[in-house]
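*Asks:* Once you've had a glance at the structure underneath, I'll fire off some questions.
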Ligand SMILES: Nc1ncnc2c1ncn2[C@@H]1O[C@H](COP(=O)(O)OP(=O)(O)OP(=O)(O)O)[C@@H](O)[C@H]1O
Ligand SMILES: [Mg+2]
């Protein structure tokens, strides 16, 4: 270029297109700023150099940034100020420093003044390059408080529900227990009522039996004495007949013929022997009637005799020896004695009870079985059990077996007085007899007696 040549000045004037772009940019920026200021969250943007790029007014207010700090525009001190105010300082500092990290984060911050902030952050991109990080701070103190209150009231409610459930459960259990107790009491009451009914029935049957026994006793008495005399008379008459027979041949033939005819007609040989048999049988029958009457009397009012201290197990042993012949082919006898102490009682009468129970047990066994004798005691009582593996008692008979004359045995085999007698004796001792029996399985009779007799009946 030549010296002194005129200089061409070029003025760079933005083209129309560039003007439009600038306008659009300004428009977008103002829109962004307005958006930034309109949100209720605090916004902080940090650029890739770690410096504060921008923040909105809400952010300044949230953290109560002092004016002097804002005016100083010292990024480092602003961030130090913010970090120093939360409990999670180290964590926040780490987030603020992690500019080039592309992950999104969400953390809780607890301000020293009690407020709670939720801070979320995400990377700011330009042309796929990270150029900074945007942090949004939201004050969730109220929400947290409400959530906490909700949680507490839910926990409280749950606790109440648990408590109430436990209360209900306990109440229910108590109710169940009471129900069981009630059922037990009702059962006991029923048993007591049954026993009362039974003993009332037995008492009236006892009176009846005593009356019958008394009525029969008189005629039996004189029939017995008459039969005794009759036996003697017949013996004498037979002796007289024999004497006559020895002189028979001395009779005139016509008379002899007549006597022989009569002897033949009445079958004198048979008559002579039969009349004695008949009398003996009648005496035997009468003895049986006397025994029955005695049993009846015993049932209603067992004969008084001296009460004494007696060993029931020894009594069982001796009774067992007495009835051994009846038992030995029928059953194996097992003894489970507890070694009970002697009690005050009428031992011979109790032996009669044991005998009746033992004989009944043997009768109940059809072929061969077991009879178990057990004893036991408590503070105030002793008991004796006779168990058999026999045929058992039909349920409909259970309520009647203690009645006089109740028997299921064929005529002539049982009078039905054994148990009623036992009942009377045990009653006199102020004790009781309990029966458990299952048809086809066997029976257990338990006699329970007080250690000392209190009754005067
Ligand atoms: N161990 C038993 N097993 C099954 N049934 C029994 C037993 N003990 C008693 N019984 C029933 O009770 C009824 C009455 O018994 P109880 O001893 O009073 O009279 P009995 O044995 O029939 O005649 P008795 O004893 O006068 O000879 C019996 O006929 C029988 O049906
Ligand atoms: Mg009997």
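*Asks:* What do you reckon, is residue 415 closer than 26 Å to residue 321 by Cα, in contact with a helix residue (DSSP H, G or I) (Cβ under 8 Å, 6 or more places away or on another chain) and within 16 Å of ligand 2 (Cβ to nearest atom)? Explain how you work it out, then say what you get.
*Replies:* On the way: closer than 26 Å to residue 321 by Cα: yes; in contact with a helix residue (DSSP H, G or I) (Cβ under 8 Å, 6 or more places away or on another chain): yes; within 16 Å of ligand 2 (Cβ to nearest atom): yes.
Taking the combined requirement at face value, the residue satisfies it.
*Asks:* Do we have residue 437 as within 9 Å of ligand 1 (Cβ to nearest atom) and either assigned to a strand (DSSP E or B) or farther than 26 Å from residue 208 by Cβ (or both) here? If you could, list the steps in order and put the result at the bottom.
*Replies:* Values: within 9 Å of ligand 1 (Cβ to nearest atom): yes; either assigned to a strand (DSSP E or B) or farther than 26 Å from residue 208 by Cβ (or both): yes.
Yes; evaluated as a whole, the condition is true for this residue.
*Asks:* Now for a separate question. Step by step: first the residues of the range 75-104, then only those that are in contact with a strand residue (DSSP E or B) (Cβ under 6 Å, 6 or more places away or on another chain) and surrounded by fewer than 15 Cβ atoms within 10 Å (Cβ to Cβ), then the one that is modelled with the lowest pLDDT. Which residue is that?
*Replies:* This residue is 100.
*Asks:* Of all residues being surrounded by 14 or more Cβ atoms within 10 Å (Cβ to Cβ) and more than 22 Å from residue 310 (Cβ to Cβ) in the range 436-457, which is modelled with the lowest pLDDT? Just the residue, please. Write out each step before concluding.
*Replies:* Let us first name the residues in the range 436-457 that are surrounded by 14 or more Cβ atoms within 10 Å (Cβ to Cβ), namely 436-437, 439, 442-451, 453.
Adding the requirement that they be more than 22 Å from residue 310 (Cβ to Cβ) leaves 436-437, 439, 442-444.
On the way: 436: 96, 437: 96, 439: 93, 442: 96, 443: 98, 444: 98.
Looking at residues that are surrounded by 14 or more Cβ atoms within 10 Å (Cβ to Cβ) and more than 22 Å from residue 310 (Cβ to Cβ), I get 439.
*Asks:* Among residues belonging to the range 418-432 that are within 15 Å of ligand 2 (Cβ to nearest atom) and closer than 15 Å to residue 203 by Cα, point out the one that is surrounded by the fewest Cβ atoms within 10 Å (Cβ to Cβ). Walk me through it before giving the result.
*Replies:* First, the residues of the range 418-432 that are within 15 Å of ligand 2 (Cβ to nearest atom): 418-426.
Those still in the list that are closer than 15 Å to residue 203 by Cα too: 419-426.
Working: 419: 23, 420: 26, 421: 25, 422: 25, 423: 24, 424: 26, 425: 25, 426: 20.
So, considering only residues that are within 15 Å of ligand 2 (Cβ to nearest atom) and closer than 15 Å to residue 203 by Cα, the one surrounded by the fewest Cβ atoms within 10 Å (Cβ to Cβ) is 426.
*Asks:* Criterion first (within 38 Å of the chain's Cα centre (by Cα) and under 16 Å from residue 359 (Cβ atoms)) does residue 401 satisfy it? Reasoning before the result, please.
*Replies:* Numbers: within 38 Å of the chain's Cα centre (by Cα): yes; under 16 Å from residue 359 (Cβ atoms): yes.
So residue 401 passes the test.
*Asks:* Right, something else. Taking the conditions exactly as written (over 29 Å from residue 98 (Cβ atoms) and at pLDDT 90 or above), does residue 19 satisfy them or not?
*Replies:* Working: over 29 Å from residue 98 (Cβ atoms): yes; at pLDDT 90 or above: no.
It is false that residue 19 is over 29 Å from residue 98 (Cβ atoms) and at pLDDT 90 or above.
*Asks:* Check off (1) within 22 Å of residue 448 (Cα to Cα); (2) away from ligand 2 (no atom under 16 Å from the Cβ); (3) in a helix (DSSP H, G or I) for residue 396 and give me the number that stays unchecked.
*Replies:* Failing condition for residue 396: (1).
*Asks:* Being farther than 25 Å from residue 334 by Cβ and within 13 Å of ligand 2 (Cβ to nearest atom) is the filter here; which residues of the range 399-408 pass it? So that I can check it myself, show each step before the final result.
*Replies:* Within the range 399-408, the subset farther than 25 Å from residue 334 by Cβ is 399-400, 402-408.
Passing the criteria: 402, 403, 404, 405, 406, 407, 408.
*Asks:* When residues of the range 42-74 are filtered for being in a helix (DSSP H, G or I), surrounded by fewer than 16 Cβ atoms within 10 Å (Cβ to Cβ) and modelled with pLDDT of 90 or more, how many remain?
*Replies:* Total meeting the criteria: 2.
The values are calculated or read from the model by the stated rules, or taken from the named source; none is laboratory data. Keep in mind that what you see is a predicted model, and the values were worked out from it rather than measured. No Cβ is skipped: glycine too gets one built from the backbone with ideal geometry, and neighbour counts run over all protein chains shown.
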